[in-house]
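The values are calculated or read from the model by the stated rules, or taken from the named source; none is laboratory data. It should be emphasised that the depicted structure is a prediction, and the values quoted were computed from it without experimental measurement. No Cβ is skipped: glycine too gets one built from the backbone with ideal geometry, and neighbour counts run over all protein chains shown. When the accessible area is computed, the model is the full protein with side chains, heavy atoms only, and any ligands, DNA or RNA have been set aside. Shrake-Rupley method; radii C 1.70, N 1.55, O 1.52, S 1.80 Å.
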Amino acid sequence: MEFFDSHAHYNDEKFDEDREEIIEKIYNADITKFISAGYSLESSKKGIELAEKYDYIYTTSGISPNDVKESIEETQKEIDELRKLIIEYKRGKKEKDKLVGIGEIGLDYYWNKENKEIQKYAFIEQIKLANEMNLPIAIHTREAVMDTLQILKENKVINTGVFHCCPQNRELIKEGLKLGFYISFAGPITFKSSKNAVEMINLVPNDR
């Protein structure tokens, strides 16, 4: 059986010393396609480099809530650079376009509570970017359920996408499904504090 890993970070600097070795091991373990997801301008550039180097690697480009800048002006500048990066890549890729989404993007109030307005701004602007590029989004949301849902309801995502590493919150899952998103259950379902994992997983149809 072959597997497709829909969200990995082999574009991270932590892999600088052994990236090629790790990627080869993963491929030989029957994970024969995967997405190296962007979370900053630099990691998005690296993701594109990896997608160009390996036939079986795809990528997404985005600025995560934990990587926004200290002001809206600086954050907008990064988003403008991201847009330029994506346009330049796609302009030269009439065949085998491997940039498959915008992400990961969203809100994270666990690590950062002081810059909520900047996070919201970056999330909304990158939804606009996804719609402009006709791409789905990969959402990172942590301790920000209501604000995440409000933004998605007020800013329609044309090609929807996936809640990456979705919090086990009944409201988020139900509303996310109504909005047309896929739901990902990743590392958190293995935590000892995960008491309702089975219930939450059962809320999601097998095709979503």
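Structure summary
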read-out	value
Looking only at region 147-172, and only at residues there that are at pLDDT below 95 and in a helix (DSSP H, G or I), the one that is nearest to Asn196 (Cα to Cα)	Arg170
Criterion (assigned to a helix (DSSP H, G or I), farther than 23 Å from Ile139 by Cα, open to solvent by 60 Å² or more (accessible area, probe 1.4 Å) and at pLDDT 95 or above) met by exactly one of Glu117, Glu21	Glu21
Residues being within 17 Å of the chain's Cα centre (by Cα), assigned to a loop (DSSP other than H, G, I, E, B) and under 15 Å from Leu135 (Cβ atoms) - total across region 68-114	1
Residue that is in contact (Cβ under 8 Å) with a residue 60 or more places away in the chain, within 26 Å of Glu132 (Cα to Cα), open to solvent by 50 Å² or more (accessible area, probe 1.4 Å) and within 20 Å of the chain's Cα centre (by Cα), where the choices are Ser64, Ser6	Ser6
Residue pairs meeting the criteria (Cβ under 7 Å; at least 6 apart or on separate chains; first over 14 Å from Glu20 (Cα atoms) and basic (Lys, Arg), in region 43-60; second at pLDDT 95 or above and surrounded by fewer than 20 Cβ atoms within 10 Å (Cβ to Cβ))	Lys45/Leu85
Residue check, Lys14 surrounded by fewer than 20 Cβ atoms within 10 Å (Cβ to Cβ) and modelled with pLDDT of 95 or more	no
